[in-house]
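Let me begin by handing over the structure; questions about it come next.
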Amino acid sequence: SQQGEEDPQALSIQEGENATMNCSYKTSINNLQWYRQNSGRGLVHLILIRSNEREKHSGRLRVTLDTSKKSSSLLITASRAADTASYFCATAPLWTSGSRLTFGEGTQLTVNP
Amino acid sequence: DTAVSQTPKYLVTQMGNDKSIKCEQNLGHDTMYWYKQDSKKFLKIMFSYNNKELIINETVPNRFSPKSPDKAHLNLHINSLELGDSAVYFCASSQRLEGYTFGSGTRLTVV
C-alpha cells in the first residue's frame, strides 16, 4: 500500500489566494519532502523537512510536520498562475538503510489568473 | 548543464520488442533510481543503485533489467514489451536521503 496520501486530490484557486495541501503517511520517517511536477515534465524538489523539525519555510512555501499525527502540510502563499502543477509529498522511511522515497498520490493545483 | 538526463524522451514501439532507456547524472550523487509513473500520476520505485550496486529491486517483472556501468549512469533495458508497460519512466539521483533530482522522463508507448 502507498505510504503517503494527499488531500485534496484537486484544488482550484484564484491568483493571489493561498493554497494548502495535506499529506498523511503510515510509518516512521527520517524526513518528508515535497515535489512539484508541471505537466509533461519531471519532478522538482521543493523542500525537505526532517523528522525533528516542525516547520520550515522557503520563499512562498511553508511546510509543517506533525510526527504524532503522521501528517504534513504544504502552504503556498500569494499563489501565481505559474504555480499550477501537481504537488507530491514523499517520505524517506526511518527503518531502511538504503535511500528510498515513497510518493503520495499528488494534489493537482490549478491557479486561475 | 542538465543534471539528470535521460534518453529518449519519447519511445513508441510494438509489443514484443526490446528497448533501452539511458540515464546519466553529473551531480556526483551516489544513488540513482528508476521510477514508473502511471496514467494516474502514481509514482512507484522500480530500482535503486548505490555506487553501481543494486540496493532496491521492487516487485518488477524480470523483463526489466537495470544496468549501472558506473555511478553516473543507470540504464533500463526492457525485454518483450507489453501494453501494460506503457507509462512514463523517470530516472533520479540523490545523495543519501536528501532530495532527489529527477530527469525529464521517458514516455513509453507500447502499441
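Within region B:27-46, track down each residue that is more than 14 Å from A:R100 (Cβ to Cβ), of a type in the set (S, T, N, Q) and either in contact with a Cys (Cβ under 9 Å, 6 or more places away or on another chain) or surrounded by 14 or more Cβ atoms within 10 Å (Cβ to Cβ) (or both).
Answer for region B:27-46, where residues must be more than 14 Å from A:R100 (Cβ to Cβ), of a type in the set (S, T, N, Q) and either in contact with a Cys (Cβ under 9 Å, 6 or more places away or on another chain) or surrounded by 14 or more Cβ atoms within 10 Å (Cβ to Cβ) (or both): just B:Q37.
Determine the pairs where a residue that is on the phi > 0 side of the Ramachandran plot, located within region B:34-58, has a partner that is basic (K, R) with Cβ atoms under 7 Å apart, the partner being 6 or more residues away or on another chain.
Listed pairs, sorted by first residue: B:N51/B:K71; B:K52/B:K71.
Suppose we filter region A:50-72 for residues that are of a type outside the set (S, T, Y), surrounded by fewer than 17 Cβ atoms within 10 Å (Cβ to Cβ) and assigned to a loop (DSSP other than H, G, I, E, B); how many remain?
So the count comes out to 6.
A further question follows. In the list B:N17, B:N62, B:N79, which residue meets the criterion of being modelled with pLDDT under 95, more than 30 Å from A:L109 (Cα to Cα) and not small (G, A, S)?
Numbers: B:N17 fails: modelled with pLDDT under 95; B:N79 fails: modelled with pLDDT under 95.
Of B:N17, B:N62, B:N79, the one residue that is modelled with pLDDT under 95, more than 30 Å from A:L109 (Cα to Cα) and not small (G, A, S) is B:N62.
Test B:I56 against the stated conditions and say whether it is aliphatic (A, V, I, L, M), within 10 Å of chain A (Cβ to nearest Cβ) and over 11 Å from the mean Cα position of the chain (by Cα).
Values: aliphatic (A, V, I, L, M): yes; within 10 Å of chain A (Cβ to nearest Cβ): yes; over 11 Å from the mean Cα position of the chain (by Cα): yes.
When the stated conditions are applied, B:I56 passes them.
Here's something else I'd like to know. When region A:18-49 is examined, which residues are found to be among the charged types (D, E, K, R), more than 9 Å from chain B (Cβ to nearest Cβ) and either within 27 Å of B:T2 (Cβ to Cβ) or surrounded by fewer than 14 Cβ atoms within 10 Å (Cβ to Cβ) (or both)? Let's see the steps before the verdict.
Of all residues in region A:18-49, those among the charged types (D, E, K, R) come to A:26, A:36, A:41.
Subset that is more than 9 Å from chain B (Cβ to nearest Cβ): A:26, A:36.
Within region A:18-49, just A:R36 meets the criteria.
Step by step: first the residues of region B:77-103, then only those that are among the small types (G, A, S) and over 14 Å from A:H45 (Cβ atoms), then the one that is farthest from the other protein chains (Cβ to nearest Cβ). Which residue is that? Show your work before the answer.
Step one: filter region B:77-103 for residues among the small types (G, A, S), giving B:80, B:84, B:86-87, B:92-94, B:99, B:103.
Subsequent filtering for residues that are over 14 Å from A:H45 (Cβ atoms) retains B:80, B:84, B:86-87.
Numbers: B:S80: 27, B:G84: 19, B:S86: 16, B:A87: 14 Å.
For region B:77-103, the residue satisfying everything is B:S80.
Another question, then. Here is a list: B:L54, B:L74, B:L97. Which entry is crowded, with 16+ Cβ neighbours inside 10 Å and at pLDDT below 90? Working first, answer last.
On the way: B:L54 fails: crowded, with 16+ Cβ neighbours inside 10 Å; B:L74 fails: at pLDDT below 90.
Testing whether each residue is crowded, with 16+ Cβ neighbours inside 10 Å and at pLDDT below 90 leaves just B:L97.
Identify, from the list B:Y89, B:Y49, the residue that is open to solvent by less than 60 Å² (accessible area, probe 1.4 Å), touching a Leu at 6+ places or on another chain (Cβ under 8 Å) and modelled with pLDDT under 95.
Numbers: B:Y89 fails: modelled with pLDDT under 95.
Just one listed residue meets the conditions, B:Y49.
Give region B:10-26 a look and list any residue that's within 12 Å of another protein chain (Cβ to nearest Cβ) and surrounded by 12 or more Cβ atoms within 10 Å (Cβ to Cβ), or say none.
Residues of region B:10-26 that are within 12 Å of another protein chain (Cβ to nearest Cβ), as a first pass: B:10, B:23.
Of everything in region B:10-26, just one residue is within 12 Å of another protein chain (Cβ to nearest Cβ) and surrounded by 12 or more Cβ atoms within 10 Å (Cβ to Cβ), namely B:C23.
Filtering region A:90-113 down to residues that are more than 9 Å from chain B (Cβ to nearest Cβ), open to solvent by less than 10 Å² (accessible area, probe 1.4 Å) and under 23 Å from B:N50 (Cα atoms), which residue is modelled with the lowest pLDDT?
The extreme case among them is A:P93.
For residues that are loosely packed, with under 14 Cβ neighbours inside 10 Å and among the hydrophobic types (A, V, I, L, M, F, W, C), tally how many sit in region A:6-17.
So the count comes out to 1.
The values are calculated or read from the model by the stated rules, or taken from the named source; none is laboratory data. Please read all numbers here as calculations on a predicted model, not as lab measurements. Reconstructed Cβ throughout: ideal geometry from the backbone, glycine too, with neighbour counts over all protein chains shown. These accessible areas exclude ligands, DNA and RNA; they are computed on the full protein's heavy atoms, side chains included. Shrake-Rupley method; radii C 1.70, N 1.55, O 1.52, S 1.80 Å.
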